[in-house]
Amino acid sequence: MEEIKLSPDYNWFRSTVPLKKIIVDDDDSKVWSLYDAGPKSIRCPIILFPPVSGTAEVFFQQVLALTGWGYRVISLQYPIYWDLMEFCDGFRKLLDHLQLDKVHLFGASLGGFLAQKFAETTHKSPRVHSLVLCNSFSDTSIFNHTWTANSFWLMPAFMLKKIVLGNFAKGPVDPKMADAIDFMVDRLETLNQSELASRLTLNCQNSYVEPHKIKDVAVTIIDVFDQSALSSEAKEEMYKLYPNARRAHLKTGGNFPYLCRSAEVNLYIQIHLRQFHGTRYAAISPEMVNAEELEVQESSLTHSSDDDQ
């Protein structure tokens, strides 16, 4: 059950990357928690947005791998925001505080939706240079909860957890996926009632992305072919919204491929970021580029030989 929590990688991450807490709003109960790893000289890092059930730790494998290749990576956890505009305003203030003019955003599920909304909200003075959307969606009505969205704040924590767990995979899954689910359940247990209620409210209040406002943003869509909380209609809608997006498909991976298929997800993030090498929007330290290119080629070769078997 405790496979990931006891793994050397997770313990190395917890012991080497400090968790920072930052307040940027007048309300000092709104605390952003984040891991900021890799070269601080990079001014356009990739920032990772977790799903409803996730904390900043859920991307520890992305942080370790990408910083090892020379990237600057920030994995964060949201404060309690009840409204999308309030969230976008808070995140803009966080970027100002971190002195980051433009960033790349990776978002999983709700994280991907928030990343798109932030890119849309700031389109007149753009802060988002590119998006990687993993198992994500563009319209909250797919969850059929828009009518209950305003009552989540009243519900006890156990009911909110039940709603979230209802979207987790049921039935037999491979051991790595089972470990990922256990780890996410464990992370879910660390969130209090307000944190969960606010995230579910953002996830379900009536809203959709206006793609014409972010048509100039480079997008990669990562999704899985096996069972996940997203319907095939929701996936198709994403492809329609972003006809020019790069598509990265995983045969399996369930809801949390960044945990159970981390090598593939990390490779896709790397391939996405590679198009910005040598520009002021590079998320990687220039002297690391050649070493990183070799690593990518090696991993691609390994993947293709795995696929051939």
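The values are calculated or read from the model by the stated rules, or taken from the named source; none is laboratory data. Note that this is a predicted model, so its numbers are computed, not measured. Quick reminder, even Gly has a Cβ in these numbers, built from the backbone with ideal geometry, and neighbours come from all protein chains shown. In case anyone asks, the SASA skips ligands and DNA or RNA and just uses the protein heavy atoms, side chains included. Shrake-Rupley method; radii C 1.70, N 1.55, O 1.52, S 1.80 Å.
Which pairs do you get when a residue that is under 18 Å from Arg274 (Cα atoms), found in segment 120-135, comes within reach of a residue that is modelled with pLDDT of 95 or more and basic (Lys, Arg), reach meaning Cβ atoms under 9 angstrom, with the pair 6+ apart or on two chains? If the second residue must be modelled with pLDDT of 95 or more and basic (Lys, Arg), the pairs left are Val128/Lys102; His129/Lys102. If you take the residues in segment 124-150 that are over 18 Å from Ile46 (Cα atoms) and modelled with pLDDT of 90 or more, which one is surrounded by the most Cβ atoms within 10 Å (Cβ to Cβ)? Step by step, filter segment 124-150, then rank; the result is Phe137.
Does Asp9 satisfy being open to solvent by 40 Å² or more (accessible area, probe 1.4 Å), modelled with pLDDT of 95 or more and under 25 Å from His272 (Cβ atoms)? It would help to see each step written out before you state the result.
Details: open to solvent by 40 Å² or more (accessible area, probe 1.4 Å): yes; modelled with pLDDT of 95 or more: yes; under 25 Å from His272 (Cβ atoms): yes.
Spelling it out, Asp9 is indeed open to solvent by 40 Å² or more (accessible area, probe 1.4 Å), modelled with pLDDT of 95 or more and under 25 Å from His272 (Cβ atoms).
Yes/no per residue for (1) open to solvent by 30 Å² or more (accessible area, probe 1.4 Å); (2) in contact with an Asp or Glu (Cβ under 9 Å, 6 or more places away or on another chain); (3) assigned to a strand (DSSP E or B); (4) of a type in the set (Val, Ile, Thr):
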{"residue": "Gly112", "(1), (2), (3), (4)": "no, no, no, no"}
{"residue": "Trp153", "(1), (2), (3), (4)": "yes, no, no, no"}
{"residue": "Phe168", "(1), (2), (3), (4)": "no, no, no, no"}
{"residue": "Val185", "(1), (2), (3), (4)": "yes, no, no, yes"}
{"residue": "Leu188", "(1), (2), (3), (4)": "no, no, no, no"}
{"residue": "Ser194", "(1), (2), (3), (4)": "yes, no, no, no"}
{"residue": "Arg199", "(1), (2), (3), (4)": "no, no, no, no"}
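The numbered conditions (1) in a helix (DSSP H, G or I); (2) without any contact (Cβ under 8 Å) to a residue 40 or more places away in the chain are all true for Gly278 except (1). Here segment 114-123 is the region considered, the condition is being assigned to a helix (DSSP H, G or I) and polar (S, T, N, Q), and the residue that is surrounded by the fewest Cβ atoms within 10 Å (Cβ to Cβ) is Thr121. Within segment 164-192, residues that are under 15 Å from Gly54 (Cα atoms) sit with their Cβ atoms under 6 Å from residues that are open to solvent by 40 Å² or more (accessible area, probe 1.4 Å) and not hydroxyl-bearing (Ser, Thr, Tyr), at 6+ positions apart or across chains, in these pairs: Asn167/Ala229; Asp179/Glu3; Asp182/Met1.
Out of curiosity, is Pro45 farther than 24 Å from Trp153 by Cα, in contact with a helix residue (DSSP H, G or I) (Cβ under 9 Å, 6 or more places away or on another chain) and either open to solvent by less than 30 Å² (accessible area, probe 1.4 Å) or not aromatic (Phe, Trp, Tyr) (or both)? Taking the combined requirement at face value, the residue does not satisfy it. Do we have Glu293 as more than 29 Å from Thr121 (Cβ to Cβ), open to solvent by 10 Å² or more (accessible area, probe 1.4 Å) and not in a loop (DSSP other than H, G, I, E, B) here? In short, yes. Taking the stated definitions as given, is Val103 of a type in the set (Val, Ile, Thr) and either at pLDDT 95 or above or in contact with a Lys or Arg (Cβ under 9 Å, 6 or more places away or on another chain) (or both)? Considered against the rule, which asks whether it is of a type in the set (Val, Ile, Thr) and either at pLDDT 95 or above or in contact with a Lys or Arg (Cβ under 9 Å, 6 or more places away or on another chain) (or both), Val103 comes out as yes.
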